[in-house]
1. Which residues, counting only those in region 101-124, are under 15 Å from Val167 (Cβ atoms), open to solvent by less than 70 Å² (accessible area, probe 1.4 Å) and touching a Pro at 6+ places or on another chain (Cβ under 8 Å)?
2. Failed condition for Ser128, given (1) at pLDDT 95 or above; (2) at negative phi, with all others met?
3. Take the residues in region 169-187 that are out of contact with any Ser or Thr (no Cβ under 6 Å at 6 or more places or on another chain), assigned to a strand (DSSP E or B) and open to solvent by less than 60 Å² (accessible area, probe 1.4 Å), then tell me which one is farthest from Gly134 (Cα to Cα).
Amino acid sequence: MKKNLLAVAVLCALTSGAVFAQQAEGPWLVRARAVNLDSANKDSTGLGLSVNDKVIPEVDVSYFFTPNVAAELVLTVPQKHDLSSSVLGGKIGTLKHLPPSLLVQYHFNAAGFKPYVGAGINYTRFSSVKLPAGVDIDRNSFGAALQVGVDIPLQKNLYLNLDVKKVFIKTDVSLAGAKIGTLKVDPVLVGVGLGWRF
């Protein structure tokens, strides 16, 4: 009986210690990153459509449900891109896209750094679309988002973050109201930034 009580007491102490450690660090993690957006530009319209690559700002907010499991909301501001056609000889218009993503992450325990993987969903809204007369695109895109990254402690509650995401973004292209194909932007985003845990 005493052994059972001792085992329960030890288990409670270890569990409460883990919870206290998590609370001491805080369940929230906010990161700011500079992200290089490198688009795949897979086009089935026959026009050789593509959007330009660029570096964009990114902010994400993570909440840790447990020391290992977190949800991350990835945000940025609407990004303006040139739309080009290799068949038509260059830039044919511009558009903006706003691509928030929501991911569930698993964070591994490692000495000196904290690697993680994540998966979730992306919603992209296209706006300010300026294309030649008769040419249009679907304004909404839903797709998967995959992620791998690492947080490296710099000092208490401050982390250096390295992050790579693959986001599946596509839009149907129409001419005179009839669909002529699909442009899959499907970018890889490589980011570096700082994170603050509280």
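1. Asn122, Thr124
2. Evaluating Ser128 over (1) at pLDDT 95 or above; (2) at negative phi leaves (2) as the failure.
3. The extreme case among them is Ala178.
To keep it simple, each residue is scored yes or no on (1) farther than 20 Å from Pro27 by Cα; (2) open to solvent by less than 70 Å² (accessible area, probe 1.4 Å); (3) of a type in the set (Lys, Arg).
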residue: Phe65; (1), (2), (3): no, no, no
residue: Ser84; (1), (2), (3): yes, yes, no
residue: Leu95; (1), (2), (3): yes, yes, no
residue: Ser127; (1), (2), (3): yes, yes, no
residue: Asn140; (1), (2), (3): yes, yes, no
residue: Asp151; (1), (2), (3): no, yes, no
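The values are calculated or read from the model by the stated rules, or taken from the named source; none is laboratory data. On a predicted model such as this, the values are computed, not experimentally measured, just so you know. Using ideal geometry, Cβ is built from the backbone for each residue, glycine included, and neighbour counts are taken over all protein chains shown. Note: areas computed on protein heavy atoms with side chains; ligands, DNA, RNA excluded. Shrake-Rupley method; radii C 1.70, N 1.55, O 1.52, S 1.80 Å.
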